[in-house]
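Each reported figure results from applying straightforward, stated rules to the coordinates on display, with no laboratory input. Computed from a prediction, not measured in an experiment: that's the story for all the values here. Because the Cβ atoms are built from the backbone with ideal geometry, glycine has one as well, and the counts that use them run over all protein chains shown.
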Amino acid sequence: MNRLERKDRLVRLALLVVAFSAVSILAVITVFMFEQGTPIIFKYGVKSFLAGSDWYPSEKSFGLWPMIVGSVYVTFGAMVIGVPFGLACAIVLTEFASKSVRRIIKPVVELLAGIPSVVYGFMGVVILVPFIRETFGGPGLSVLAASIILGIMILPTIISISVDSLQALPPAYREGSVALGATKWQTVRMVLLPAARSGIIASIILGMGRAIGETMATIMIAGNAISVPRSLLAPVRTLTSNIALEMSYATGEHRQALFATGVILFIIIMALNTVANVTSARRRKAKG
Amino acid sequence: MRHPILTFLLLLCTVGVPSCRGGRSQNDVIVAGSTSIQPFADKWAEVFMEKRPNLGVSVQGGGSSAGIQACKSGACQIGMSSRELKADEKDLREIVIARDGLAIIVHPSNPVRGATLSQVKQIFSGDLTNWKYLGGPDKEITVVTREEGSGTRGAFQELVMGKTRIFRGAITEDSNGTVREIVANDPHSIGFISLGLVNEQVRALALDGVEGSEASIRAGRYRLVRPFLFLTKGEPTGAARAFIDFVLSEEGQALVKKEGLIPVK
């Protein structure tokens, strides 16, 4: 083996170690969280943990049901707001906007992704929450407020991935459709959207992942009550808020229960990511 | 190829293990526990170390329960607790260093000026849901509480709620400051914070006809009072003794008063 080959091997090795460090951190996090969180789930029973509606750690009752429902409500609300706006924006950007409009909107959307979540939360508290309280009643800190803010926060994810998948379509699709006499909107609705479907679904699922995982903004505007909300105007606590709110003082079983909350969240997000990967893998395959 | 990776992973794991502290000198004292007392302890430590430059005081948070545990195990010389000790914790020596009142706060525009303790209890248990029962407007009450594990919530639970739970629909925030902020913005809300932190943004309710103030607390008429405790294992010695003496001295207690707490002397 000459010197060059040795050097080559060394560099390869170094790169491998660096590449694996990222993966190993994920492994350490996973192992640590499951090790800390699962014992208490089995101690009190999976059913009482997932379906119990009382969260009073000081009295040893750990029911995550309100938080699971809370996460689902808030995420669903964010979808209802974020998906139509995001999709519309993506369609306009790829099909209807002139080059100069695109040159303005695209960077603005990217900028939206760079705003820290605490800023979104602050805007929510200062503007949105009082508006909801004065217009619709209730405390203002609510499912509705959280849904609107999270809906805005997931826009960049949905827009950029949808734009990518629309732009990746072969030009022949558009040309063929127009040649058959379809209008532009008909082309979008009947040809382009169905063809880019799997990419759009992947963008929605990644947006969902972002909404479920968001913590700071949710703590600030959702009100964090531990009950299953009975209306859009009721306060709600998500799984992530539960961990962040209580971790500072939690000891013993309370602390383990927060890790268990993390385990549940981890499973939900893993499931979402798997679905997203499967759909985008299918898209690549379909494209051949 | 495989071994370097394994070695790296092992290294990565060992980094996470906290390094142990070596032996401590008699001149250093660690104070740990309640985050409600922590800011005051920081102030005391600062002034104390200026006066006694050869002694060191390091203040750490962690919460009352953690402070009690640390004091028991000897990890710190002085524990801080903002709640009364439980029966199985009574083997520690308690020194009351200050007292703190708990205020029930509402929006300044709220016409309700006072309530009985049992009304407050009913509000926080979710049985009393409208201001009209307290002589206010016909509006639903927005209840704001602290998160589980908080010393302030612990004290409120003990002093007002007893065995009754705070109802699940209450809005939950993680600091005195955010509770005050929300109450200051929502005209129909109610919450509880440390009496020293009440400002012009909110109004404290009179409880059973007694306004919360230093005088009424000293006279024993205002009932929502919690002790701020320093805990030691046995008789304090050396730097710990000197620090506690300083805190209880006129100068230390003057600092307490300036920050809105009730001095013990």
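How big is chain B by Rg and Dmax over its Cα atoms, in Å?
Considering chain B through its Cα atoms, Rg and Dmax are 21.8, 78 Å.
For the range A:223-266, what does the convex hull of the Cα positions come to per residue, in cubic angstrom? Walk me through the intermediate numbers first.
Working: hull volume 3.1 nm³, N = 44.
Expressed per residue, the convex hull around the Cα atoms of the range A:223-266 is 71 Å³.
From largest to smallest, what semi-axes in whole angstrom does the range A:74-183 give when each is the square root of 5 times an eigenvalue of its alpha carbon gyration tensor? Can you show the working numbers first?
On the way: eigenvalues 237, 45, 25 Å².
So the three semi-axes of the range A:74-183 are 34, 15, 11 Å.
Report the Stokes-Einstein translational diffusion coefficient (µm² s⁻¹, integer) for the range A:65-287, Rh taken as the Kirkwood radius over Cα pairs, at 37 °C with viscosity 0.692 mPa s. Spell out each step's value before the answer.
Working: Rh = 18.9 Å.
Diffusion coefficient, whole number: 174 µm²/s.
Could you point to the residue in A:27, A:251, A:75 farthest towards the positive end of chain A's charge dipole, with +1 and -1 charges on the Cβ of Lys/Arg and Asp/Glu respectively?
A:27
Would you mind telling me the antiparallel percentage of the DSSP bridges in chain B, rounded to 5?
Values: 21 of 37 bridges.
The antiparallel proportion sits near 55 percent.
Assuming a ≥ b ≥ c are the square roots of the Cα gyration tensor eigenvalues, decide whether the range B:64-212 counts as rounded (a/c under 1.5), prolate (otherwise, with a/b larger than b/c) or oblate. Walk me through the numbers on the way to the answer.
On the way: a/c = 2.26, a/b = 2.07, b/c = 1.09.
In terms of gyration-tensor shape, prolate.
Would you work out the charge dipole size for the protein assembly as shown about its Cα centre, treating the Cβ of every Lys and Arg as +1 and the Cβ of every Asp and Glu as -1, and quote it to the nearest 20 debye?
Numbers: 58 positive and 42 negative charges, 381 e Å.
Here the size comes out at about 1840 debye.
So for the range A:87-186, averaging the separation of alpha carbon pairs under 8 Å that are six or more residues apart and normalising by length, what relative contact order in percent results?
Working: 48 pairs, mean separation 36.9, N = 100.
Contact order relative to length: 37 percent.
No solvent, one uniform scatterer per C-alpha: report log10 I(q)/I(0) for the protein assembly as shown via the Debye equation at q = 0.10 1/Å, two decimals.
So the normalised log intensities are -0.98.
Rounded to the nearest 20 debye, what is the charge dipole size of chain B about its Cα centre when +1 sits on each Lys and Arg Cβ and -1 on each Asp and Glu Cβ? Numbers along the way, then the final one.
Working: 32 positive and 29 negative charges, 87 e Å.
It comes to approximately 420 debye.
Sorted from largest down, give the three principal axis spans of the alpha carbons of the range A:2-118, whole angstrom values.
Result for the range A:2-118: principal-axis Cα extents of 59, 59, 24 Å.
Scan chain A and report its longest stretch carrying no trypsin sites (Lys or Arg not before Pro) that are both in a DSSP loop and have at most 13 other Cβ atoms within 10 Å. Walk me through the numbers on the way to the answer.
Working: sites that count: A:60, A:230.
Here the longest run is A:61-229.
Can you give the % of DSSP beta bridges in the protein assembly as shown that are antiparallel, to the nearest 5?
Numbers: 23 of 40 bridges.
Restricted to the protein assembly as shown, the bridges split so that about 60 percent are antiparallel.
In peptide B:179-186, how many Cβ atoms from other protein chains are near each Cβ within 10 Å, on average? The partial results should precede the final answer.
Numbers: counts 0, 0, 1, 6, 0, 0, 8, 7.
Partner Cβ neighbours, averaged per residue: 3.
Averaged over its residues, how many other protein chain Cβ atoms are within 10 Å of peptide B:144-152's Cβ atoms?
Working: counts 6, 3, 2, 13, 13, 12, 4, 1, 0.
Taking all residues of B:144-152 together, the mean is 6.
Considering every residue in A:237-246, what mean count of other chain Cβ atoms within 10 Å of its Cβ is obtained? Don't skip to the end; give the middle numbers.
Numbers: counts 4, 0, 0, 0, 3, 3, 0, 2, 8, 6.
Whole-number average of other-chain Cβ neighbours for A:237-246 is 3.
Just the Cα atoms of the range A:193-274, one point each, no solvent: what log10 I(q)/I(0) does Debye give at q = 0.18, 0.22 Å⁻¹?
Normalising to I(0) and taking log10 leaves -0.85, -1.07.
Hey, in the GNM for chain A with a 10 angstrom Cα cutoff, which one of A:107, A:66, A:156 fluctuates hardest?
Between A:107, A:66, A:156, it is A:107 that shows the largest mean-square fluctuation.
Before rounding to the nearest 500, sum -39500 (n - 2.57) across all DSSP H runs of length at least 4 in chain B and divide by the residue total; then give [θ] at 222 nm in deg cm²/dmol. Display every interim value, and only then the final one.
Working: 9 runs with 88 residues, N = 265.
Calculated mean residue ellipticity at 222 nm is -9500 deg cm²/dmol.
Let me spell out the model: positive unit charges on the Cβ of Lys and Arg, negative unit charges on the Cβ of Asp and Glu, origin at the Cα centre of the range A:65-287. What dipole size does that give, in debye rounded to 20? Walk me through the numbers before you get to the answer.
Values: 18 positive and 8 negative charges, 169 e Å.
I would put it at about 820 debye.
Which one, B:220, B:178, B:205, projects farthest toward the positive side of the charge dipole computed for the range B:176-237 from Cβ point charges (K/R +1, D/E -1)?
So the residue we want is B:220.
If you bin the C-alpha pair distances of the range B:134-219 every 10 Å from 0, what whole percents do you get?
Whole-percent P(r) values from 0 Å outward: 15, 47, 35, 3.
Between A:227, A:151, A:66, whose Cα lies farthest towards the positive end of the dipole of chain A when Lys and Arg beta carbons carry +1 and Asp and Glu beta carbons carry -1, centred on the Cα centre?
After comparing all options, I get A:151.
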